[in-house]
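Below you'll find the structure, written out as structure tokens, and then a few comments.
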Amino acid sequence: MAENIIYIDSPQDPQLVRYHREFERKAHMRDGYFIAESQFLVQRLLDSPFPIESLVVDDSSKIPQLPAQRQGQFPIYVLSRADIKELVGYNFHRGILACGQRPPRHEIASVFPDEVPATSTVLAASKIGDFENIGAIIRAACAFGADAILLDEGCADPFAKRSLRVSTGHAFKIPIVESQDFAADLKQLQAKGFETFATVLSDSATPLSQVKRADRSIILMGNEGYGLEADTLAHCTHQITIPMLRGSDSLNVAMASGIFLYHFCHMP
């Protein structure tokens, strides 16, 4: 592994370009990379099948134990903590970062290329723009046993630093489809036998306690402020809701997604 360690004395070194904050904002979604920060996230990335371009550490003692299949795969750059802070623009990195390669943007068919399992759950999200909410939804979907996550183009980037941080690396463990045609992907799933359950705030919706999941279910979550748009609701088989007490009119979308996911993945 020693031949892969490269000591760098400037945050402007061109080998570090993908770690620059401005590069992340403008180019990562376009060129197919993301940055994971902290020992915990980097280790989860190392343990995943995701390709890795490089690691950055502020001390050679922080180089993690590499799995056998990762030996010799990528360079490990070492530069000072002050230089890393200047490089990324903040001090949350905990002295270790990794640049990973994003999965290609497939259609939902890539998740179920052959036969769909008899019991399947997909968490679909429309126009959820907050990075932390997306991260929490990914974490819940993975933890409760969803088979995949489908995001429309109005959702926050699931591989942005804040999303990854809140997801605690679960984004590396579950298929995430960043849809280029959300309505078409929903119709494709419905053609495979999925029923769509739209989560809404409405007195006319079915209370969750009375909802029986379908063998193949899509749980559809909407925007934090206004919920699901009418044209999206038009594709849905059912409208369901969580009744609330004491005058509460809504839950945080990530919290609500966890409740719906537990019901659909674990209740009969």
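The values are calculated or read from the model by the stated rules, or taken from the named source; none is laboratory data. All of these numbers come straight from a predicted model, not from anything done at the bench. No Cβ is skipped: glycine too gets one built from the backbone with ideal geometry, and neighbour counts run over all protein chains shown. Just so you know, the surface numbers come from the protein's heavy atoms only, side chains and all, with ligands and any DNA or RNA stripped out. Shrake-Rupley method; radii C 1.70, N 1.55, O 1.52, S 1.80 Å.
Tabulated data for the structure shown
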read-out	value
Elements of type helices (runs of 4 or more DSSP H) contained in the stretch 5-110, each with 3 or more residues being modelled with pLDDT of 85 or more and either basic (Lys, Arg) or over 30 Å from Leu186 (Cα atoms) (or both)	39-46, 81-88
The stretch 169-195, residues that are in contact (Cβ under 8 Å) with a residue 60 or more places away in the chain, open to solvent by less than 10 Å² (accessible area, probe 1.4 Å) and in contact with a Leu (Cβ under 7 Å, 6 or more places away or on another chain)	Gly169, Val177, Ser179, Asp185
Test result for Ile176, touching a strand residue (DSSP E or B) at 6+ places or on another chain (Cβ under 6 Å) and under 13 Å from Ser126 (Cα atoms)	no
Top-ranked residue in the stretch 132-146 [being more than 9 Å from the chain's Cα centre (by Cα) and either in a loop (DSSP other than H, G, I, E, B) or not aliphatic (A, V, I, L, M) (or both); ranked as surrounded by the most Cβ atoms within 10 Å (Cβ to Cβ)]	Ala146
Answer from Asp249, Asp231 - the residue that is of a type outside the set (Gly, Ala, Ser), touching a residue at least 40 places away in the same chain (Cβ under 8 Å), loosely packed, with under 15 Cβ neighbours inside 10 Å and within 19 Å of Leu186 (Cβ to Cβ)	Asp231
Residue in the stretch 147-168 that is open to solvent by 10 Å² or more (accessible area, probe 1.4 Å), in contact (Cβ under 8 Å) with a residue 24 or more places away in the chain, in a loop (DSSP other than H, G, I, E, B) and of a type in the set (Val, Ile, Thr) present	yes
